[in-house]
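The next block holds one structure in the form of structure tokens; read it before the comments.
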Amino acid sequence: MTAYLLNLAQLAAIFGLLAASLNVLVGYGGIFSVAHAVFFGFGAYAGAQIALNVAPDVLLVSAAGGLVAGVLSLALALPALRVRGEYFVVASLGLQMVATTAFTEAEPVTGGLGGLVGIPPPQLLGLSLASPWAFLAVCLAALFGGLAVMRLLMRGSFGRSLMALRDSESAAEAFGKNVALLKTLAVALGCAIAGVAGGLFALQMAFVNVESFTLDQSVLVLAMVIVGGAGTLAGPLVGTLLLLLLPAALSFLPGIPPTEIGAVQQAIYGLAMTLLMIFRPAGLAGRAQGKR
Amino acid sequence: MTPQAMTPPLAVRGLAKHFGGLAAVQGVDLDLPAGLITALVGPNGAGKTTLFNLITGALAPDAGDVLLDGARLGPTTPRQIARRGVARSFQDLRLFDHMSAGENVLAAIEPAAWFWQPGDAAARRAAAAAALADTGLTAAAGALAADLAYAERKFLSLARILATGARIWLLDEPASGLDPASRARFVALLRAAAGRGITVCLIEHNLDIVTELADRIVFLDQGRKLAEGAPEAILRDPALAAIYFGDRA
Ligand SMILES: Nc1ncnc2c1ncn2[C@@H]1O[C@H](COP(=O)(O)OP(=O)(O)OP(=O)(O)O)[C@@H](O)[C@H]1O
Ligand SMILES: [Mg+2]
């Protein structure tokens, strides 16, 4: 039981970081992406390759994950950022579909459908992190470190510029803001942090395959951000805890046949999200009376 | 006067813009003399906002030029125009609604896109605070722009411009719907700005405000400049009044 809870806590920290990184795009930049799992995946595959071929060092693995995801986000997201608003959602959907296929087909790099297996237990500068407590501490450090960086940037001029273009792109431009560069930086920052989360995820799972980086995952992370409260610091964390722990809690519900648990979960999820958006459109951590 | 002093900070020559078959702006020439308030008047759909959009690079003109200090600009973007000291407001305000009033003003004077701003952060905060004070928004600084009252929102859109230190202001119906007290404050604010040498062009439907405020009037109708001159002369012209009040023959 403790092992199960520790495992869950590690995942919650990793997904909290992932959701917070998407919040930079969605909540602060108003850039709606349904392809965030792609960058999580880039980070996870890059991290896994480093762990398998170089060393399973958390610093090395997460740095590689962040770098690869950040750089690829520039290459892939830049053309898409030229389109406006709702079209970006569609462009990111296309990216997600292409990437899922690529993850499946690029066997030499991703291991194809079977994935990359046998990732060795994590280390930190030669110290073993095989203990789940130690790795949990690392995940929490990454989560709160990432949140601190985002808090610093989002409360500063960068965050103000980003929110300004989210609220009115034309007004932001009229005050001299470089909208294209701001969006590019927001995407690179958010995707690089998603890559760090991906690297940690690879170490946590000890194997990675395409199933963790599909459209379903992207939508789940987006839901974490929106349910928790887009554009707030705490929102993505609240959303992650809810959407990650709810299924875990539901599996303890008595009286549901194991074969039906999946369907019941889906139904409860869907209902909860619909009600939440009706009664609290700014998310749980957002303002109580959502304007708009 | 030196030739330098006679060159208007902003001028347009032969500016034209079509939307499909509609000629929204047709061959407009306009000078905005330094330190004066020019009112752009004309019926709905006359092309006033479109003219602002052309000047600020929000729209690309079909023909014509924008001149800053007598120099032709060529194709430009809103960002470049802003960096040349031209600030504009929008008829529909376009505030940063989910940010506080204070953040709205601060964001307007932080043009760098990178993770930091060059220059003096304390000076920017002081400029923002001064702009809020001048527009009577100090107490509302912490409130979300979306939550402000109507007049406060109008003043916030002005505060953003005030803080930039721009030398040319293009204001699209900044006083529409203001109550008399707010209107008096607004007039005083603009007069003071012009007194500091700021060149102001405002679009305004209310002829009382125009009379009170404007040094010059430019009359636009169906995309053409029909007249310009001192307020008394323009407003006394029965032909223009007929067009303006819609009972053209
Ligand atoms: N982006 C656009 N696309 C198509 N038509 C436009 C566009 N912008 C303006 N128009 C049209 O051009 C004409 C001039 O519009 P403009 O907004 O400049 O008028 P205005 O003088 O500002 O009027 P108002 O006093 O109502 O604000 C109108 O007929 C308008 O419908
Ligand atoms: Mg208009």
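Can you run phi through the Karplus equation (6.51, -1.76, 1.60; θ = phi - 60°) for the range B:219-226 and list ³J(HN,Hα) in whole Hz, with x for Gly and Pro?
Result, rounded to whole Hz: 9, 10, 8, 6, x, 10, 7, 8.
List the equivalent ellipsoid semi-axes of the range B:1-140 in whole Å, largest first, each obtained as the square root of 5λ for an eigenvalue λ of the Cα gyration tensor.
30, 19, 16
List every residue whose amide H lies under 5 Å from the amide H of B:L171, counting only residues 5 or more places away in sequence or on a different chain, with H placed 1.01 Å from N in the peptide plane.
B:S89, B:C201, B:L202, B:I203
Who wins for biggest fluctuation among B:A11, B:A214, B:A146 in a Gaussian network model of chain B, springs between alpha carbons below 10 Å?
For chain B, modelled as a Gaussian network with Cα springs under 10 Å, the answer is B:A146.
List A:M163, B:M6 from most exposed to least, where exposure is judged by having the fewest other Cβ atoms within 10 Å.
The order, fewest Cβ neighbours first, is B:M6, A:M163.
What is the ratio of the Cα radius of gyration of the range B:119-185 to 2.2 N^0.38 Å, where N is its residue count, to two decimals?
Cα Rg divided by the expected 2.2 N^0.38 Å: 1.14.
Give me the aspartates and glutamates in straight-line cross-link reach of B:K225: C-alpha distance below 13 Å, same-chain residues under 8 apart excluded.
Of all the aspartates and glutamates, those that pass the test against B:K225 - Cα under 13 Å, at least 8 places apart if same chain - are B:D29, B:D31.
With labels modelled as points extended 7 Å from the Cα through the Cβ direction, what inter-label distance (nm, one decimal) is found for A:L93 paired with B:A133?
Roughly 5.3 nm, to one decimal.
Tell me, what is the FRET efficiency for A:N53 and A:L78 to the nearest 0.05, using R0 = 30 angstrom and their Cβ-Cβ distance as r?
0.55
Over all Cα pairs of the range A:69-167, how is the pair count split among 10 Å bins, expressed in % and running from 0 up to the last occupied bin?
12, 22, 32, 26, 7
Report, to one decimal in Å, the Kirkwood hydrodynamic radius for the range B:80-123 based on all distinct Cα pairs.
That comes to 12.2 Å for the range B:80-123.
Remind me, what semi-axes does the range A:1-146 give for its equivalent ellipsoid, largest first in whole Å, using sqrt of 5 times each Cα gyration tensor eigenvalue?
Semi-axes (√(5λ), whole Å): 28, 19, 13.
Could you work out how far the C-alpha centroid of the range B:119-133 sits from that of the range A:240-269, in angstrom?
About 52 Å separates the Cα centre of the range B:119-133 from the one of the range A:240-269.
Taking Rh as the Kirkwood radius computed over C-alpha pairs, what is the Stokes-Einstein D of the range B:194-249 at 4 °C in a medium of viscosity 1.567 mPa s, expressed in µm² per second?
Estimated via Stokes-Einstein, D reaches 106 µm²/s.
Mind putting together the pair-distance distribution for the range A:107-163? All Cα pairs, 10 Å bins, whole percent per bin, short to long.
Computed distribution, short to long bins: 19, 25, 27, 24, 6.
Neighbouring Cβ atoms within 10 Å as the yardstick, rank B:S100, A:S218 fewest first.
B:S100, A:S218
What FRET efficiency do you get for B:L22 and B:A192 if R0 is 45 Å and r is their Cβ-Cβ distance, rounded to the nearest 0.05?
Working from the Cβ atoms, E equals 0.70.
Pick out the long, greasy-scoring helices in chain A: whole DSSP H runs spanning 30 Å or more along their own axis by Cα, mean Kyte-Doolittle at least 0.0.
A:2-23, A:58-81, A:132-155, A:179-205
In nm, what is the difference between 0.36 nm times the number of residues separating A:S128 and A:V71 and their Cα-Cα distance?
Fully extending the segment from A:S128 to A:V71 adds 17.6 nm.
Report Rg (one decimal) and Dmax (nearest whole number) for chain A, counting Cα atoms only, units Å.
Rg then Dmax for chain A, in Å: 18.7, 61.
Roughly how far apart, in whole Å, are the Cα centres of the range B:56-114 and the range A:170-214?
The two parts, judged by their Cα centres, are 29 Å apart.
Would you compute, from DSSP H runs of 4+ residues alone, the mean residue ellipticity of chain B at 222 nm, taking -39500 (n - 2.57) per run and dividing by the full residue count, rounded to the nearest 500?
So the calculated ellipticity at 222 nm is -10500 deg cm²/dmol.
B:M6 label point, 7 Å along Cα→Cβ, cut-off 19 Å on backbone N: hits in the range B:22-60?
B:30-36
To check you understand DSSP bridge types, tell me what percent of the beta bridges within the protein assembly as shown (both residues inside) are antiparallel, rounded to 5.
Counting only bridges with both partners in the protein assembly as shown, antiparallel ones make up about 60 percent.
Need the full-extension length gain, A:A106 to A:L275, defined as separation in residues times 0.36 nm minus the C-alpha distance. One decimal, nm.
Separation in residues times 0.36 nm, less the Cα-Cα distance, equals 56.7 nm.
Taking springs between alpha-carbon atoms closer than 10 angstrom, which of A:L59, A:L127, A:L147 fluctuates most in the Gaussian network model of chain A?
Result: A:L127 has the largest fluctuation of those listed.
Can you pull a Stokes-Einstein diffusion coefficient for chain B at 20 °C (1.002 mPa s), Rh from Kirkwood over Cα pairs, as a whole number of µm²/s?
Taking Rh from Cα pairs, D becomes 114 µm²/s.
Decide, for the range A:184-292, between rounded, prolate and oblate: order the square roots of the alpha carbon gyration tensor eigenvalues as a ≥ b ≥ c, take rounded if a/c falls under 1.5, and otherwise choose prolate if a/b is larger than b/c, else oblate.
Cα axes put the range A:184-292 in the oblate bin.
Across 10 Å bins from 0, what is the distribution of all Cα-Cα pair distances for the protein assembly as shown, in whole percents?
Once binned at 10 Å, the Cα pair distances of the protein assembly as shown give 4, 16, 23, 20, 15, 11, 7, 3, 1, 0.
For a quick check: sort B:M99, A:M224 by the number of other beta carbons within 10 angstrom, fewest at the front.
B:M99, A:M224
Within 10 Å of each Cβ in peptide A:176-185, how many partner chain Cβ atoms are there on average? Round it to a whole number, please.
Average per residue, whole number: 5.
What dipole magnitude, in Debye to the nearest 20, does chain A give about its Cα centre under +1 on Lys/Arg Cβ and -1 on Asp/Glu Cβ?
1060 debye
Of the beta bridges DSSP finds with both residues in chain B, what % are antiparallel, to the nearest 5?
The answer is about 55 percent antiparallel.
About the Cα centre of the protein assembly as shown, what is the dipole size in debye to 20, counting +1 per Lys and Arg Cβ and -1 per Asp and Glu Cβ, all else neutral?
That gives a dipole near 720 debye.
Since every read-out is calculated from the coordinates, none of them should be taken as a lab result. What you see is a predicted model, and the numbers here were worked out from it, not measured in a lab. Positions of Cβ are backbone-derived with ideal geometry, glycine not excepted, and every protein chain shown enters the neighbour counts.
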